[in-house]
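A.B. asks: This is the structure I have questions about; it appears just below.
Nothing in this text is a laboratory measurement; each read-out follows from the coordinates by a stated rule. Predicted, not measured: the structure shown is a model, and the values here were computed from it. Don't worry about glycine lacking a Cβ; one is built from the backbone with ideal geometry, like all the others, and counts go over all protein chains shown.
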Amino acid sequence: MLIDARQDSATPKKSYDVCIIGAGAAGITMALELVDSGMSVCVLESGGTEFEDETSDLSVGGITGQPYADLDVVRLRYLGGSTNHWGGWCRPFRDIEFEKRDWVPYGGWPITLESLDPYYRAAAEYCEIGTADYDVGAAAAAFKNPRIAELPLSGSGLMSTIYRFSPPTRFGEVYRARLEKAKNVEVFLHANVLNMEVSHDANRMESVRVGTLSGARFMVAARRFVLATGGLENARLLLLSRNVAARGIGNQHDLVGRYFMEHPGIDIGVFAPSGDRSFDFYNTRIGYHDLGLCACVEVDADTQRRKQIQSARVQLTGLSEGENSAGARSLKSVRDQLRRGRWPDDFGTHLGNMLSDIDDVAKAVYGYLQGDKSAARLFGVTLSIEQEPNPDSRVMLSDKKDAFGLNRVDLDWRLTANDYRTVTEAAKTMATGLGIKDLGRMRLDIDRKGKEGWPEHLGWGWHQIGTTRMSDDPKMGVVDRDCRVHGVANLYVAGSSVFPTSGAGVPTLTIVALAVRLAEHLRRPIP
Amino acid sequence: MPLLRRHFLSLVGLSITALASHPVWGALAGKPAIPALARRLQDALPNAASARALGNACLARHPEEADAAALARQVTALLAPYARPAASGRELADALSRLRVSEFQRGDVVDLDGWVLARSEVTVCALVAMVKADS
């Protein structure tokens with residue numbers, strides 16, 4: 001049932017078995033998993049069924065660290081949450097990303113990746129990708145097309161992985177009808193949690209105070225609560241709720257909001273293939289639009305261990321001839337800056353480049369590699385890395401207030417020297433690895449003109465990860481392996497904020513898998 | 001990674017030592033045989049014009065390396081473990097490929113305007129470019 005909390009008739013029950021705060025991928029998945037469970041479920045969603053400026057304004061926040069997208073742009077606040085602008089990329093974590101690695105302080109998950117297998121299968125259904133199989137060779141073979149083939153990377157320090165594409169599933173649209181029909185689930189729209197009320201000793205959630213922008217106020221009580229509002233908002237709501245625990249709920253060890261991670265994306269250069277081999281399977285343009293999946297090249301686990309670097313993957317994007325020229329790069333730079341709402345500082349230089357000639361060495365190299373073919377084949381190479389968990393990269397409460405008079409959020413996104421070393425070592429490994437297999441040659445061109453020596457146009461994955469991380473040790477994590485907040489018996493957290501590491505992949509499939517897992521936990525009787 | 005003069009000088013030294021045990025390859029590196037060597041190498045590459053362009057780009061950035069005899073000695077020293085002197089065109093192409101792979105495996109690469117190339121690629125292309133320029 002969907003209920004508009006702004007209506008006078010919107011009256012919650014006296015108490016629910018489960019109250020889920022947030023109706024994004026995690027919240028909707030859990031609600032659906034609890035349909036017909038015999039439990040009464042309340043979902044509180046800040047927005048309505050469509051984008052609304054006034055509600056979106058609640059997500060505005062400050063950025064004090066590395067440049068980042070505006071916080072009301074990078075996340076969406078209506079039914080379906082950020083799935084409303086999701087690109088649909090799906091892939092589970094890799095084993096090494098779950099392991100405790102000596103060179104990644106604060107790394108390691110308290111659960112095994114294997115334990116998530118049944119939940120990844122369920123997540124594949126929710127994300128409408130049809131299969132939980134990520135075998136690269138089998139996926140390529142299924143096309144029965146010689147142009148779709150896995151690269152022979154064995155022994156090069158590299159490996160292939162595949163990403164499957166969801167349509168993408170807009171959870172609020174695709175699952176709205178099921179939520180409306182669910183007799184035991186009430187979804188309150190335009191319902192903003194203003195405070196999380198805990199017992200006097202702060203070890204038990206009692207209720208949440210809810211408000212609408214139209215002025216309505218009410219309380220929702222439940223036996224158990226799940227916070228599922230995203231990587232920034234999960235931390236914010238815990239920090240805001242300070243009327244009993246002065247540092248916020250679950251923050252006795254000053255961990256809430258820390259370890260913020262994204263997926264830094266860096267254009268590292270171009271790749272010119274040798275000979276006639278097809279790279280269609282690895283070309284994101286073809287994969288996304290035509291194949292429903294795309295292969296990427298990653299640094300393999302042995303090389304990660306030997307070089308002591310985090311995970312790193314590259315995406316190849318086919319360029320048409322001339323796209324690699326200084327002029328084409330300038331055009332891309334100008335376009336990217338305008339997309340971020342900024343006028344390019346060095347527009348004059350870019351304009352000059354755009355009028356200039358195609359790079360002579362690039363033409364020579366790809367002609368040398370590809371024989372006498374007149375159509376040059378070049379790929380742009382974008383590297384995306386796993387960020388090192390860093391307690392100084394964090395989400396905090398801002399001094400600025402929102403329409404409810406509550407502190408907004410500030411993001412101080414920080415990267416480390418290890419993160420940069422992962423970039424440079426991964427880039428070199430790509431260049432030499434592709435050479436070892438004589439697949440082609442790379443031109444490395446990593447800009448360092450941005451903040452703290454990072455590229456001026458550092459990209460990101462639109463992922464907010466790690467701010468209520470999972471650990472069995474309450475001094476190292478906000479939630480335990482069941483995603484329950486340490487020290488609070490009946491409060492759980494869902495979403496990528498519980499990830500202790502980010503991997504180099506994409507989080508949505510794992511968010512949904514963990515939501516299925518948490519719902520299974522919630523269905524068990526309370527001891 | 002950048003191709004530095006000291007690398008060339010050290011390779012020249014190694015080349016001379018290596019050639020002591022390869023009298024036939026050594027003869028091929030002699031002055032009258034340099035054009036023939038360059039032609040054989042050029043024929044073993046996918047695109048002669050592009051190889052020369054690549055070689056010219058390298059020499060433009062490192063004019064101190066523009067010494068055909070020294071380049072020829074380097075190439076013959078590098079190739080000696082991979083091909084017999086009378087190798088056919090196909091055998092030579094295969095040898096160059098195996099040499100490149102070995103260099104990438106060892107990390108013996110050079111940076112040419114950001115392009116990560118095997119050392120022998122740059123040396124061969126530079127030689128091919130020089131001989132064409134001289135002819």
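A.B. asks: Can you tell me the FRET efficiency between A:Glu54 and A:Glu206 if r is taken as the Cβ-Cβ distance and R0 is 41 Å, rounded to the nearest 0.05?
C.D. replies: After rounding, the FRET efficiency stands at 0.90.
A.B. asks: Give me the dipole magnitude in Debye, nearest 20, for the protein assembly as shown about the Cα centre, with unit charges on the beta carbon: positive for Lys and Arg, negative for Asp and Glu.
C.D. replies: The dipole magnitude comes to about 760 debye.
A.B. asks: Further question: With an 8 Å cut-off on Cα pairs and a minimum separation of 6 or more residues, tell me the relative contact order of the stretch A:402-527 in percent.
C.D. replies: Computed over the stretch A:402-527, the figure is 14 percent.
A.B. asks: Compare the Cα positions of A:Ile148, A:Val174, A:His190 along the charge dipole of the stretch A:147-209 (+1 at Cβ of Lys, Arg; -1 at Cβ of Asp, Glu; about the Cα centre) and return the one farthest towards the positive end.
C.D. replies: The listed residue farthest towards the positive side: A:Ile148.
A.B. asks: Only Lys, Arg, Asp and Glu count, each charged at its Cβ (+1, +1, -1, -1), so figure out the dipole size of the stretch B:39-84 about its Cα centre, rounded to 20 debye. Spell out each step's value before the answer.
C.D. replies: Details: 6 positive and 4 negative charges, 42 e Å.
Using only the charged Cβ atoms, the result is roughly 200 debye.
A.B. asks: Ok, one more. For A:Lys13, give me every one of the aspartates and glutamates with a C-alpha distance below 18 angstrom, ignoring sequence neighbours fewer than eight places off in its own chain.
C.D. replies: Straight-line reach from A:Lys13, under 18 Å: A:Asp4, A:Asp36, A:Glu45, A:Glu180, A:Glu186, A:Glu197, A:Glu206.
A.B. asks: Taking each residue of B:52-62 in turn, how many C-beta atoms of other protein chains fall within 10 Å of its C-beta, and what is the average? Display every interim value, and only then the final one.
C.D. replies: On the way: counts 2, 7, 8, 2, 3, 6, 2, 0, 2, 1, 0.
Mean shielding count: 3.
A.B. asks: Give me the inter-chain shielding for A:423-436: mean count of other chain Cβ atoms within 10 Å, whole number please.
C.D. replies: The mean count of partner-chain Cβ atoms within 10 Å per residue comes to 3.
A.B. asks: List the equivalent ellipsoid semi-axes of the stretch A:61-161 in whole Å, largest first, each obtained as the square root of 5λ for an eigenvalue λ of the Cα gyration tensor.
C.D. replies: Semi-axis lengths for the stretch A:61-161 are 29, 22, 18 Å.
A.B. asks: OK, next. What list of ³J(HN,Hα) values in whole Hz, one per residue of the stretch A:130-142 in order, does the Karplus curve 6.51 cos²θ - 1.76 cosθ + 1.60 (θ = phi - 60°) give from phi, with Gly and Pro shown as x?
C.D. replies: x, 7, 10, 8, 10, 6, 5, x, 5, 5, 5, 4, 4
A.B. asks: Rg(Cα) of the protein assembly as shown divided by 2.2 N^0.38 Å?
C.D. replies: Relative to the rule-of-thumb radius for its length, the protein assembly as shown sits at 1.12.
A.B. asks: In addition: Name the long-range amide H neighbours of A:Ile446: under 5 Å, sequence gap of 5 or more, or other chain; modelled H, no Pro or chain starts.
C.D. replies: For A:Ile446, no residues qualify.
A.B. asks: Which pairs in the list A:Lys401/A:Lys451; A:Lys400/A:Lys451; A:Lys183/A:Lys475 are over 31 Å apart, alpha-carbon to alpha-carbon?
C.D. replies: A:Lys183/A:Lys475
A.B. asks: Give me a comma-separated list of calculated 3J(HN,Hα) values for the stretch A:78-84, in order, Karplus coefficients 6.51, -1.76, 1.60 applied at θ = phi - 60°, integers in Hz, x for any Gly or Pro.
C.D. replies: So the Karplus estimates, Gly and Pro as x, are 7, 3, x, x, 6, 5, 5 Hz.
A.B. asks: Here's another thing I want to ask about it. Take every DSSP beta bridge with both residues inside the protein assembly as shown and express the antiparallel ones as a percent of the total, to the nearest 5.
C.D. replies: Looking only at bridges with both residues in the protein assembly as shown, the antiparallel portion is about 70 percent.
A.B. asks: A further question follows. Assign unit charges at the C-beta atoms only (+1 for Lys and Arg, -1 for Asp and Glu), then state the dipole size of the stretch A:385-527 relative to its Cα centre in Debye, rounded to the nearest 20. Walk me through the numbers before you get to the answer.
C.D. replies: Details: 20 positive and 19 negative charges, 40 e Å.
Dipole about the Cα centre, nearest 20: 200 debye.
A.B. asks: Something else now. With unit charges on the beta carbons (Lys and Arg positive, Asp and Glu negative) and the dipole taken about the Cα centre of the stretch A:1-130, which residue among A:Thr112, A:Val73, A:Gly62 sits farthest to the positive side?
C.D. replies: A:Thr112
A.B. asks: Amide H of A:Leu71: which non-local residues (sequence gap of 5 or more, or other chain) have their own amide H closer than 5 Å, using H built in the peptide plane?
C.D. replies: A:Gly61
A.B. asks: Taking the Cα centre of the stretch A:170-329 as the origin and placing charges on Cβ (Lys, Arg +1; Asp, Glu -1), which of A:Val244, A:Ile309, A:Phe279 is farthest toward the positive end of the dipole?
C.D. replies: It is A:Val244.
A.B. asks: Between the alpha-carbon centers of the stretch A:179-246 and the stretch A:409-465, tell me the distance in whole angstrom.
C.D. replies: Comparing the Cα centres of the stretch A:179-246 and the stretch A:409-465, I get a distance of 39 Å.
A.B. asks: I'd like the Karplus ³J(HN,Hα) series for the stretch A:450-467: coefficients 6.51, -1.76, 1.60, θ = phi - 60°, whole numbers in Hz, and an x wherever there's a Gly or Pro.
C.D. replies: Listing the rounded values in order: x, 5, 6, x, 8, x, 4, 10, 5, x, 8, x, 6, 10, 10, 10, x, 7 Hz.
A.B. asks: Quick query: amide H of A:Leu158 versus all other amide H atoms, modeled in the peptide plane; which residues come in under 5 Å with a sequence gap of 5 or more or a different chain?
C.D. replies: Those lying under 5 Å, H to H, from A:Leu158 are A:Asp300.
A.B. asks: Under the definition of partner shielding as Cβ atoms of other protein chains within 10 Å of a residue Cβ, what is the mean value for peptide B:35-47?
C.D. replies: Mean shielding by partner chains, rounded to a whole number: 2.
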